[in-house]
Amino acid sequence: MKRTPLDYILIALKGMAMGAADVVPGVSGGTIAFISGIYEELIGTLNNINFSLLKHLKTEGLKSAWNKANGGFLLALLSGISISIVSLVKAVKWFLEYHPILLWAFFFGLVLASIVYVGKQIKITTKDFKLFFAMTAGAVVAYLITTINPTESTGSDMFLFFAGALAICAMILPGISGAFILVIIGAYSPILEAINSRDLKTLFIFGAGAIVGLLSFSKLLKWLFEKYNQLTLAVITGFMIGSLNKIWPWKIALTFRTNSKGIKVPLNEKSISPFNVDGDPQLFQAIGLMVFGILLILILEKISLKKNTLES
């Protein structure tokens with residue numbers, strides 16, 4: 001596939017959107033990749049990175065190996081993700097601390113519209129309930145994950161390695177938030193602090209685990225899409241439905257923890273009605289941001305359809 005510089009800029013922007021989503025506990029970068037039309041290419045590209053690529057490099061040269069690995073796509077996407085995580089992590093922390101309702105409202109609208117977008121690709125019939133049951137099972141699993149009480153980190157190198165492997169698998173799976181998995185296992189705060197303080201050792205160990213998890217899990221996902229496309233889409237849609245509980249804007253804290261700065265922050269939360277919120281529920285602003293998130297997905301969908309029409 002021949003791409004122009006503008007194509008790579010757009011891929012980098014999609015990567016930035018994925019990075020921004022991955023920073024927030026409750027939103028999956030995989031969801032952004034899916035709705036922006038690059039998900040299956042991403043999985044296929046990751047699946048091509050293996051030992052045979054090294055053999056290809058030795059026999060065919062760097063340029064041929066780069067093309068085989070879809071290097072331009074991967075470089076543009078990873079650059080966007082990296083830029084976003086490094087540059088937006090402080091902004092996301094600020095919104096989570098001072099305006100959580102508005103941040104969650106935007107992502108709630110984003111994921112809600114994404115469910116419709118992905119769901120339209122599933123052909124559920126009255127004669128075949130397998131897809132319906134797969135969607136329901138995915139929703140139940142994702143919902144149960146959002147209700148798990150977070151734990152405290154052990155901080156060991158092995159723990160950080162496996163945290164990276166587990167989180168990256170969730171990050172590329174639409175509907176399951178890698179950042180929230182880090183919260184559950186107690187690794188979110190240490191990783192966030194490592195990014196802010198440029199703790200290279202912690203980031204290297206976490207990154208090594210992420211690479212191993214990413215390359216392994218991508219093979220499974222590619223196989224699932226090739227062999228059980230509709231069933232996989234149904235489970236992914238269910239995951240996204242179940243994850244809505246985590247990103248519901250209005251919550252009440254059940255338990256608290258003290259972060260590295262000595263500030264008490266919510267540890268476990270419960271979704272409530274906006275009319276039961278103590279203080280300003282920011283209802284109209286939140287609804288406005290939800291609508292904005294929905295419109296953003298609709299615009300992306302129209303752009304994707306137009307592009308596909310022109311290419312065909």
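Read the figures in this text as sums done on the coordinates, not as results from a lab. Bear in mind that the values here come from a model prediction, so they are computed numbers and not experimental data. Reconstructed Cβ throughout: ideal geometry from the backbone, glycine too, with neighbour counts over all protein chains shown.
Here are the numbers:
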item: Asn47/Val86 FRET efficiency (R0 30 Å; Cβ-Cβ; nearest 0.05); result: 0.65
item: Total formal charge among the other residues, if their Cβ is under 15 angstrom from that of Met135, Lys/Arg +1 and Asp/Glu -1; result: +2
item: Within-13-Å neighbourhood charge of Thr147 [Cβ basis; K, R +1; D, E -1]; result: +2
item: Cα-based convex hull, the chain, per residue volume (Å³, whole number); result: 152 Å³
item: Qualifying trypsin sites (Lys or Arg not before Pro) for region 1-71 [loop in DSSP, other Cβ within 10 Å: at most 11]; result: Lys2
item: Candidates Ser197, Ser79, Ser271: whichever shows maximal mean-square fluctuation once the chain is modelled as a Gaussian network with Cα springs under 10 Å; result: Ser197
item: Using θ = phi - 60° and Karplus 6.51 cos²θ - 1.76 cosθ + 1.60, couplings along region 40-56 (whole Hz; Gly, Pro as x); result: 5, 5, 4, 5, x, 5, 5, 5, 7, 8, 8, 5, 5, 5, 5, 5, 5
item: Residue-count net charge about Gly207 - beta-carbon cut-off 14 Å; Lys, Arg +1, Asp, Glu -1; result: -1
item: Full-extension gain in nm, Leu62 to Ser79, via 0.36 nm per residue minus C-alpha separation; result: 4.1 nm
item: Cut-off under 5 Å, modelled amide H: who pairs with Ile272 long-range; result: Trp250, Lys251, Ile252
item: Part-to-part distance (alpha-carbon centres) for region 164-237 and region 110-143, which is given in Å; result: 22 Å
item: Among Phe34, Phe206, Phe225, residue whose mean-square fluctuation peaks in a GNM of the chain (springs only between Cα atoms under 10 Å); result: Phe225
